Amino acid sequence: MADREFNFGPGNPDPGVFPTHELGQAAQRVIARLGPELAHYPDQLGLPELRAVAAERFARNHGVRPPLEDIVITNGAMQGLILSAQALAQRGDSVVMEEFEYGGTIRVFKQYDLRLLGVPVDDDGMRMDALADILEREKPAFIYTTASYQNPTGTTLPLERRQQLLALARAHKLPIVEDDTYGDISFVPLGQRAIYAMAEPGEVVYIGSFSKILGPGLRLGFFLAAPPLHAQLMAWKIDGGTSALSQMIAAEYFRDNLWEHVEEGRGSVKDKRNILLDALEAEFSGVEGMHWTRPDGGLFVWIKLPDTLDRTRLRELATAHGIMYATGQAFHALDQDVPYLRLAFGWIEREDIPTGVRLLAQCVREAMPAPVA
Ligand SMILES: Cc1ncc(COP(=O)(O)O)c(C=O)c1O
């Protein structure tokens, strides 16, 4: 076992900016004020104050203020994904998504017996020519996309592709499920509006999260949908409501700290992203068959490995050095062992990044086939 850990695994924000003390104070204030409300079930749509925070985020980021009645607080973005699958698809249907996708999404869709149709991606996210081809042959239940700072590739769909995606969905009469879990973690001024903000009401379900701007332990997310999609998803939200205590604490904290906290989180992970990109450049530039994405936001760099590299060996070597990362296979719609890996840069300490990458480079060299004499 290695005595040091270089954990590029978890897709979490920087634990160093988690506001433990402030949340404790917020908890004391809200329990004193609203405690008796916990004696009954929460509002099915969620606490109005937290829905207002979700509306504020959407308005600031995407230029349109959604009505509060279209917003529903969920048990993480994950519940939005589950509700979308339940409401929009029948078992056995297909669903279109990026070829490399968040493992949680893959698990949810597979659990509902959905057939996953992965659309090839390039540096600008989902390829629209490939999507158009698939839609000529298949009739999926919906199109799922993480258009901004995608997990795992870190790519962002440019405006033109967003328009094309919307046009294709319209032409084939398909709803879009837009997962914007990373939307606030932007390192450049947000150039792209959510597809939801460009669409007509009822065309898109927008999924947001509080996991990446606060912490996944609170299990808070939301979906945004206009009629009739709103009612279709709500028909499946039969869980008794999302934790009122979590909602109250988050709403109380964000009432005065939303953008300050988002900025602090952005700043710290941007810094880590820069350190990671510099380290990758220093260690891997010129290695044939290797390249990586340079994300403008989110928490991930997606690395293409040389095809000839022994990926099992790399994993063993990396583990022996205490280096953790996610394999390409974990994100492949069809579970294929693809020559990629994902480095997450939110969780790891900034000081550990250069050493971790240097050790990873050693492992990569060792896992390469011996040159033919
Ligand atoms: C694309 C994507 N969607 C949804 C989720 C789940 O988020 P939450 O913690 O809000 O359920 C994640 C978590 O990593 C994710 O990467």
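Here are the numbers for the structure shown:
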{"quantity": "Within the stretch 86-196, helices (runs of 4 or more DSSP H) holding 3 or more residues that are more than 16 Å from the ligand (Cβ to nearest atom) and under 19 Å from H332 (Cβ atoms)", "calculated": "128-137"}
{"quantity": "Odd one out for G46 among (1) surrounded by 23 or more Cβ atoms within 10 Å (Cβ to Cβ); (2) away from the ligand (no atom under 16 Å from the Cβ)", "calculated": "(2)"}
{"quantity": "Answer residue from the stretch 17-41, given it is more than 16 Å from Y253 (Cβ to Cβ) and surrounded by 12 or more Cβ atoms within 10 Å (Cβ to Cβ) and is nearest to the chain's Cα centre (by Cα) among those", "calculated": "L38"}
{"quantity": "Pairs where the first residue, in the stretch 79-99, is without any contact (Cβ under 8 Å) to a residue 40 or more places away in the chain and the second is of a type in the set (S, T, Y), C-beta under 8 Å, 6+ apart", "calculated": "A85/Y112; R91/Y112"}
{"quantity": "Subset of the stretch 64-85 that is of a type in the set (A, V, I, L, M, F, W, C) and within 13 Å of the ligand (Cβ to nearest atom) - its residue that is surrounded by the most Cβ atoms within 10 Å (Cβ to Cβ)", "calculated": "I73"}
{"quantity": "Residues located in the stretch 285-294, provided they are touching a Leu at 6+ places or on another chain (Cβ under 9 Å) and not aliphatic (A, V, I, L, M)", "calculated": "G289, W292, R294"}
{"quantity": "Single residue of L224, L280 found to be touching a residue at least 24 places away in the same chain (Cβ under 8 Å) and under 19 Å from P48 (Cα atoms)", "calculated": "L224"}
{"quantity": "Some residue of the stretch 233-242 being in contact with a helix residue (DSSP H, G or I) (Cβ under 7 Å, 6 or more places away or on another chain), crowded, with 21+ Cβ neighbours inside 10 Å and assigned by TED's automatic domain parsing to the domain that holds V64", "calculated": "yes"}
{"quantity": "Where a residue in the stretch 43-67 is touching a residue at least 12 places away in the same chain (Cβ under 8 Å) and among the aromatic types (F, W, Y) and its partner, wherever it lies, is crowded, with 20+ Cβ neighbours inside 10 Å and not in a helix (DSSP H, G or I), with Cβ under 6 Å and at least six apart", "calculated": "F58/P66"}
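The values are calculated or read from the model by the stated rules, or taken from the named source; none is laboratory data. Computed from a predicted structure; not experimentally measured. Positions of Cβ are backbone-derived with ideal geometry, glycine not excepted, and every protein chain shown enters the neighbour counts.
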